[in-house]
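The values are calculated or read from the model by the stated rules, or taken from the named source; none is laboratory data. This structure is a prediction, so every number in the text was calculated from the model and none was measured. Here the Cβ positions follow ideal geometry from the backbone for every residue, glycine too, while neighbour counts run over all protein chains shown.
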Amino acid sequence: MYIEKLNWRYAAKKMNPSKPVPQEKVDRIVEAVRLAPTSSGLQPFELLVITNPELRAKICEAAYGQAQITDGSHLLVFAAWDNYTADRINGMFDLVNEERGFADEGWEAYRQRLLAGYVPRDEAVNFEHTARQAYIGLGVALMAAAFEEVDSTPMEGFDADKLDEILDLRARGLRSVSILPLGYRDKEGDWLVNLKKVRRPSEDFVTTLD
């Protein structure tokens, strides 16, 4: 079934502004992102869900006028931690201990390894790592949207500095990585909607090593 859904999905080029995505579908997509796997379970990114029309209009300008941002009903912004800090790492480890009701010796030793390895590292290196984790969340969002039969368009084409300023992300220790408008395809106005999905054939894409 999921293959059928992935064949159904595409990066919608024009969305129908008169057809909003039901909130229960958005909630399930967002929850799927929250449950996405991340390195060491640190979840080093945050998700912003934006419906405010004026705010989305400003973001559209920062994204070179890509109309899906305003024609869709919801915009997801994936914002990665700008750096790993001791507080951030300890916060996640403490949360795990609190939720599980105990502190495991091996888990605590792993905490110390991460603190020793991540915190002294260059900020740019750490941001590259957190950004890659945010992309895992983006992939999960794309899959979840397809399952919900909600159209989406993953975007990197935006001025990240401008978007960070619009959303005041830097003050929160975050940097924008990718954005994902959610909506429904405009079947009459989208030039891409009826074109065949094209991917490299399996024999050119998959290598099996027995």
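Observations
- Residues of the range 180-189 classified as in a strand (DSSP E or B) and farther than 12 Å from Tyr135 by Cβ, total: 4
- So Ala134, is it under 27 Å from the mean Cα position of the chain (by Cα), on the phi < 0 side of the Ramachandran plot and in a helix (DSSP H, G or I): yes
- Enumeration of residues in the range 159-201 that are among the polar types (S, T, N, Q) and at pLDDT below 95: Asn194
- Of the criteria (1) surrounded by fewer than 19 Cβ atoms within 10 Å (Cβ to Cβ); (2) over 19 Å from the mean Cα position of the chain (by Cα); (3) in contact (Cβ under 8 Å) with a residue 40 or more places away in the chain, which one Asn90 fails: (3)
Listed here are the residues, each with its yes/no results for (1) exposed (fewer than 15 other Cβ atoms within 10 Å of the Cβ); (2) without any contact (Cβ under 8 Å) to a residue 12 or more places away in the chain.
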position	(1), (2)
Ile69	no, no
Thr85	no, no
Glu98	yes, yes
Tyr110	yes, no
Leu115	no, no
Tyr118	no, no
Met143	no, no
Ala171	yes, yes
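- Criterion (of a type in the set (Asp, Glu), under 18 Å from the mean Cα position of the chain (by Cα) and surrounded by 15 or more Cβ atoms within 10 Å (Cβ to Cβ)) met by exactly one of Asp186, Asp190, Asp161, Asp151: Asp151
- Residues satisfying the stated conditions in the range 1-38, i.e. farther than 16 Å from Val193 by Cα and touching a Phe, Trp or Tyr at 6+ places or on another chain (Cβ under 6 Å): Lys19
- Some residue of the range 56-65 being closer than 15 Å to Val140 by Cβ and surrounded by 14 or more Cβ atoms within 10 Å (Cβ to Cβ): no
- The residue that is nearest to Ile136 (Cα to Cα), among those in the range 154-179 that are assigned to a helix (DSSP H, G or I) and in contact with a strand residue (DSSP E or B) (Cβ under 7 Å, 6 or more places away or on another chain), is Ala160.
- Per the conditions (1) surrounded by 17 or more Cβ atoms within 10 Å (Cβ to Cβ); (2) under 27 Å from Ala80 (Cβ atoms), the sole criterion not satisfied by Pro53 is (1).
- Neighbours by Cβ (under 8 Å, 6+ apart or cross-chain): first from the range 181-210, without any contact (Cβ under 8 Å) to a residue 12 or more places away in the chain; second among the aromatic types (Phe, Trp, Tyr): Arg199/Phe205
- The set of residues in the range 47-66 being in contact (Cβ under 8 Å) with a residue 24 or more places away in the chain and under 19 Å from the mean Cα position of the chain (by Cα) consists of Leu47, Leu48, Val49, Ile50, Thr51, Leu55, Ile59, Ala62, Ala63, Gln66.
- The selection criterion, being within 16 Å of Leu48 (Cα to Cα), more than 18 Å from the chain's Cα centre (by Cα) and at pLDDT 95 or above, does not hold for Glu156.
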